[in-house]
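**Student:** To start, I am sharing the structure in question, which I have written as structure tokens.
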Amino acid sequence: MTILQLDVIETTTNQQLLSELKDFASNLVVKNVTKFKSHDGSPLSQCDLYYNKKKVCFASDDAWGSEMRFDDYAVIDWVNTEESKRGKRPTDFYDMFKEKFTDLAQTTEYGDYPILLESFVSALIEEKDIQKDSKKGVVVKNNYGWEVIGYKKSIPAMLKKYTQKAVLDAIQKIYDAEIKKGGVVLNTTYLQNTLGLTL
């Protein structure tokens, strides 16, 4: 799922709000994603969040199941500055998001703005994870996220060992079989634009 495929965006009927949501989403980027485990072993993520090409905050899942935490870098720098030299407290990215979209968040399944922002960040992290898996085969959506249907070797590794036609025919066969079963393929951009499959 991409960030623009989130229900909150796809189901928004207010065109001005929809435009603002898409603009916000298109300028949001996650970098330096790392994985860790919660107290019960569940997989979690943390990353740097960029908005309009500026690093704005550190986002991290809570190890005990609470909402994702957002630590604003500008505010952290302000707090760490000598009190006599601080000046006015900088605008918090999290507060900006809250002010801009809190009304929307309260009228959707997300319930409040922290969960809405968390859904944006989670979608971006998921996109990155899918991009990593794209070269392993056909990435298919399942009840728990997605799975890769392919071979032991990655597609680039197979292309070094076998002819391009043989590899593409094999991947095309997997893709066609998944579509026939009603599956949702998540790495169509890689399959079509990079490999040249017929989708």
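The values are calculated or read from the model by the stated rules, or taken from the named source; none is laboratory data. Owing to the predicted nature of the structure, the values given are computational and were not obtained by experimental measurement. Quick reminder, even Gly has a Cβ in these numbers, built from the backbone with ideal geometry, and neighbours come from all protein chains shown.
**Student:** Considering each of Val140, Val148 in turn, give the residue that is touching a Phe, Trp or Tyr at 6+ places or on another chain (Cβ under 9 Å) and in the same structural domain as Thr189 (by TED's automatic domain parsing).
**Tutor:** So the residue among Val140, Val148 that is touching a Phe, Trp or Tyr at 6+ places or on another chain (Cβ under 9 Å) and in the same structural domain as Thr189 (by TED's automatic domain parsing) is Val140.
**Student:** If we keep just the residues of the stretch 45-69 that are hydrophobic (A, V, I, L, M, F, W, C) and surrounded by fewer than 17 Cβ atoms within 10 Å (Cβ to Cβ), which is farthest from the chain's Cα centre (by Cα)?
**Tutor:** Across the stretch 45-69, the extreme among qualifying residues is Trp64.
**Student:** Can you pull out every residue in the stretch 38-52 that is touching a strand residue (DSSP E or B) at 6+ places or on another chain (Cβ under 8 Å) and touching a residue at least 24 places away in the same chain (Cβ under 8 Å)?
**Tutor:** Ser38, Ser45, Cys47, Leu49, Tyr51
**Student:** Quickly run through the stretch 116-144 and pick out the residues that are farther than 24 Å from Ala170 by Cα and not hydroxyl-bearing (Ser, Thr, Tyr).
**Tutor:** Within the stretch 116-144, Leu116, Leu117, Glu118, Phe120, Val121, Ala123, Leu124, Ile125, Glu126, Glu127, Lys128, Asn143 meet the criteria.
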